[in-house]
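Reviewing the structure listed below.
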Protein chains: 2
Amino acid sequence: MLNRPDVAVVGAGPVGLAIAWRCAQRGLRVVVHDPAPGSGASHVAAGMLAPVAEAYFGEHELTGLLTASAARWPAFAAELTAATGLDVGYRSEGTLMVGLTADDLAEARRLWAYQQGIGLPVTPLRPSALRDREPALAPRVRGGALAATDHQVDPRRLVPALRVAAERAGATLVPVAVRSLSDVDAHVTVVAAGCGAAALTGLPVRPVKGQVVRLRAPGGGAPGFRHVIRGYADGEHVYLVPRDDGEVVVGATVEERSDTDVSAGAVLRLLRAAVDLLPELAEYDLVETLAGLRPGTPDNAPILGPLAGRPGVLAATGHHRHGIVLTPVTADLIAELVVTGATDPLLAPFTPARFATPPTVGPATDPATPAGPATSAVPAAVARLGHDPSAPEKEHTWN
Amino acid sequence: MLNRPDVAVVGAGPVGLAIAWRCAQRGLRVVVHDPAPGSGASHVAAGMLAPVAEAYFGEHELTGLLTASAARWPAFAAELTAATGLDVGYRSEGTLMVGLTADDLAEARRLWAYQQGIGLPVTPLRPSALRDREPALAPRVRGGALAATDHQVDPRRLVPALRVAAERAGATLVPVAVRSLSDVDAHVTVVAAGCGAAALTGLPVRPVKGQVVRLRAPGGGAPGFRHVIRGYADGEHVYLVPRDDGEVVVGATVEERSDTDVSAGAVLRLLRAAVDLLPELAEYDLVETLAGLRPGTPDNAPILGPLAGRPGVLAATGHHRHGIVLTPVTADLIAELVVTGATDPLLAPFTPARFATPPTVGPATDPATPAGPATSAVPAAVARLGHDPSAPEKEHTWN
């Protein structure tokens with residue numbers, strides 16, 4: 001029992017690895033379980049850090065969390081690079097939001113008005129200013145706006161960097177799949193398994209399919225545009241994310257499906273919208289078509305915090321389309337919760353308790369959750385999270 | 001010298017393997033040189049056997065060869081299957097040629113009128129008859145015609161079958177690249193190296209890039225259409241080739257380029273035309289995007305026959321977009337030429353001699369072409385082809 005980890009993280013995507021890193025930095029013994037780190041939604045994700053462009057009607061609390069996490073990204077990226085020597089492709093040129101047709105522009109303007117109304121920095125641009133910023137935009141593009149604080153990072157660089165950082169801080173990666181939480185022996189278990197959280201916890205996390213296409217600028221150069229471009233094009237919503245190495249990610253569909261097949265129609269719609277907005281993309285190489293599964297939730301917001309009725313189990317899942325931008329705040333606040341037992345007010349709206357208590361999946365499929373005595377190395381909060389199965393349920397709700 | 005092959009074939013695509021098979025069947029010792037059989041244009045090709053739909057203005061002699069070869073295909077496929085037990089996907093439902101818009105239909109009708117005018121079996125169909133044949137066609141499709149004798153085969157099944165057939169008949173495959181014909185020691189060398197023929201012989205064979213997309217019917221079933229469909233869709237020419245196993249090949253661009261990059265614009269144009277003609281394809285899986293290089297020639301016709309000034313060297317290359325359909329006639333007539341020395345009249349228009357004598361690539365880079373005595377096992381024609389370097393040039397023109 002002396003070697004029993006303080007924290008077991010299930011899932012080595014960005015969220016799980018960042019939590020492991022933060023916990024290990026604070027002196028906890030951490031293991032991360034994943035047979036294939038970074039092979040989930042992050043492998044497909046474009047890496048937009050877009051709390052402004054992603055601020056939608058009726059998602060006020062989520063917008064607050066996105067904004068808080070995006071604000072942490074510059075320091076997070078810098079710390080990660082300092083710890084590992086690895087660049088994660090953080091770029092701060094900002095995001096242009098554009099509309100191709102008059103109808104597209106009208107739809108976009110309704111959203112921009114909402115975003116401005118809640119105080120977010122959206123700057124409408126004259127057509128000439130738009131083209132000064134991105135001359136490659138199609139002449140047909142009717143108008144646009146700048147979200148200067150919406151940045152980007154490269155998820156395929158982020159995951160290896162987080163893994164190195166976590167391991168250097170002392171975390172151990174166990175490349176084995178966790179089929180049941182009863183197989184995990186730790187004082188605290190953090191379920192950061194994306195879509196896999198549903199089977200492990202009974203939480204209402206469902207796969208939301210997204211298809212993307214990856215292009216590459218011909219001749220080995222950088223793409224001919226610098227901003228992230230998000231546009232409506234004949235009613236189709238598309239984003240274009242340029243990378244320094246010449247890659248352009250074109251995404252993404254949002255489909256209530258659980259397969260990862262790439263469909264001809266999705267690729268057609270993405271490419272058509274992309275080329276309509278930025279004609280030079282027709283000359284780019286098509287290097288990858290791919291589908292992934294986002295961990296969606298009933299209210300499109302993540303599920304963060306202790307599971308009711310499951311002592312010692314925390315959820316950090318359900319990040320849906322926001323896993324990359326939410327990585328820093330999730331890691332910071334979940335680590336804080338593990339170490340101190342304190343639930344940051346930012347987390348409160350995202351507690352698992354907001355959903356009906358799941359059916360008794362836990363006891364039925366996970367009867368052997370260990371509850372041994374804490375060792376002296378374990379902070380009080382870790383011990384409490386992990387060792388009080390008889391406490392009243394609200395003790396474990398943490399908010 | 002006793003083990004010196006009678007025939008060395010350079011290139012194990014369909015043409016080279018079929019020549020090897022035919023020569024081996026006639027008792028010759030045959031080796032085929034190729035480090036990667038079937039990795040050239042045939043790996044990308046759709047396998048349409050379409051002398052009617054591919055009969056274009058100004059290509060009368062080519063049309064004659066295409067027609068002659070297509071007529072040999074049923075027996076060729078049957079013989080190949082009987083020899084190997086392997087199915088090559090020969091299907092005889094015929095080809096529908098369609099036009100999406102009024103302009104597309106007008107363009108198509110001009111071609112159909114030409115094809116009918118030279119006696120080819122093109123049957124215009126009323127819209128109702130067109131839809132009776134293929135109910136999945138888009139309602140927008142304005143009209144079409146049937147080329148009942150234009151069939152199809154699966155090139156990716158053809159190559160392995162030809163390889164088995166050739167080897168069972170006694171041919172030997174040497175998986176090594178031929179950099180110079182001086183490295184080949186045989187009485188007769190047949191250059192069936194596709195685009196590679198240019199460097200080996202100096203013949204005017206150039207790469208003509210073609211991009212294709214491969215789809216697959218969802219759910220593991222067969223595609224929802226039976227004919228090969230060739231169409232004009234808003235000025236874009238596209239073909240759709242359904243396979244029994246659910247695959248649909250969508251092709252193809254024709255580009256004067258020598259790279260094999262897949263471009264976003266090409267995939268967009270192919271998918272748009274395909275979905276415009278057959279809307280259900282939007283729901284199909286996109287399983288492969290690929291570019292290949294066809295061996296093009298100045299007059300779009302193949303180069304078949306002895307090389308002037310290169311005793312013992314025959315060309316069987318430059319098949320451009322017609323390599324699959326031309327495989328049987330090429331194999332039959334080149335084997336006949338090797339064994340008997342007789343040039344079939346069908347071959348006459350396709351002699352290498354129709355192009356200016358290439359620069360002295362041969363003597364300069366290939367000084368060591370062996371010219372030893374024939375063994376008794378070698379037919380007289382093989383010996384003559386391979387052993388008369390001092391004969392007048394017209395001796396080697398064979399027509």
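The values are calculated or read from the model by the stated rules, or taken from the named source; none is laboratory data. Bear in mind the structure is a predicted one, so any value in this text is a computation, not a measurement. FYI the Cβ positions are ideal-geometry reconstructions off the backbone, even for glycines, and counts take in every protein chain you see. Side chains included, ligands, DNA and RNA excluded: accessible areas come from the protein's heavy atoms. Shrake-Rupley method; radii C 1.70, N 1.55, O 1.52, S 1.80 Å.
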Problem set entry | Cα long-axis angle, helix A:60-84 against chain A (0 to 90 degrees, to the nearest 10) | 80
Problem set entry | Local electrostatic count at A:Ala233 - Lys and Arg +1, Asp and Glu -1, tallied over other residues with Cβ under 10 Å | -1
For this session: Starting from the Cα of B:Thr260, step 7 Å toward the Cβ, then list every residue of region B:183-220 with an amide N under 14 Å from that point.
Result: B:194-196, B:207-212
For this session: Could you tell me how many degrees, from 0 to 90 and to the nearest 10, lie between the Cα long axis of helix A:102-117 and the main elongation axis, the longest principal axis, of the Cα atoms of chain A?
Result: 50
Problem set entry | Peptide A:264-275, shielding by other chains (average Cβ, 10 Å cutoff) | 6
Exercise. Taking R0 as 30 Å, what's the FRET efficiency between A:Ala71 and A:Ala113 from their Cβ-Cβ distance, rounded to 0.05?
Worked result: 0.80
Exercise. Beyond 34 Å, what percent of the Cα pairs of chain A remain?
Worked result: 29
For this session: Would you mind telling me which residue in B:Ala55, B:Ala83, B:Ala331 has the biggest mean-square fluctuation in a Gaussian network model of chain B, where springs connect alpha carbons within a distance under 10 angstrom?
Result: B:Ala83
For this session: Starting from the alpha-carbon convex hull of region B:143-241, give the projected area averaged over all orientations, in nm².
Result: 11.1
Seminar exercise, completed: So, with points 7 Å from each Cα along the Cβ direction, the A:Glu79-B:Ala138 label distance in nm works out to 5.3
Exercise. Any idea of B:Phe350's accessible area? Nearest 10 Å², probe 1.4 Å.
Worked result: 10
Seminar exercise, completed: Taking the convex hull of the alpha-carbon atoms of region B:270-317 and averaging its shadow over every direction gives an area in square nanometres of 5.9
Seminar exercise, completed: Cβ-Cβ cut-off under 12 Å around B:Leu62, Lys and Arg +1, Asp and Glu -1: the net charge is -3
Exercise. Summing -39500 (n - 2.57) over the DSSP H runs of n ≥ 4 in the protein assembly as shown and dividing by its residue number, what mean residue ellipticity at 222 nm do you reach, to the nearest 500 deg cm²/dmol?
Worked result: -9500 deg cm²/dmol
Exercise. When DSSP assigns beta bridges and you keep just the ones with both residues in the protein assembly as shown, what percent turn out antiparallel, to the nearest 5?
Worked result: 70
Seminar exercise, completed: Relative to chain A, whose Cα atoms define the longest principal axis, helix A:14-25 and its Cα axis are tilted in degrees, nearest 10, by 50
Problem set entry | Summed buried accessible surface, chains A and B, 1.4 Å probe, nearest 100 Å² | 1400
Problem set entry | Centroid-to-centroid separation of region A:196-251 and region B:42-60 [C-alpha atoms, Å] | 39
Problem set entry | the protein assembly as shown: C-alpha pair distances exceeding 39 Å, % | 52
For this session: Can you grab the distance from the C-alpha centre of region A:261-311 to the C-alpha centre of region B:103-153, Å, no decimals?
Result: 39
For this session: Could you do me a favour and compute the accessible area per residue for the protein assembly as shown, 1.4 Å probe, result in Å²?
Result: 37
Exercise. Can you give me the pair-distance distribution of region B:15-107, C-alpha pairs, 10 Å bins, whole percents?
Worked result: 12, 32, 36, 14, 5, 1
Seminar exercise, completed: Residues whose built amide H sits under 5 Å from the amide H of B:His237, excluding neighbours closer than 5 in sequence, are none
Exercise. Averaged over peptide A:282-290, how many Cβ atoms belonging to another chain are found within 10 Å of each residue's Cβ?
Worked result: 5
For this session: Rounding to the nearest 20 debye, state how big the charge dipole of the protein assembly as shown is about its Cα centre with +1 on each Lys and Arg Cβ and -1 on each Asp and Glu Cβ.
Result: 100
Problem set entry | Rg and Dmax of region B:83-132, Cα atoms only, in Å | 15.3, 48
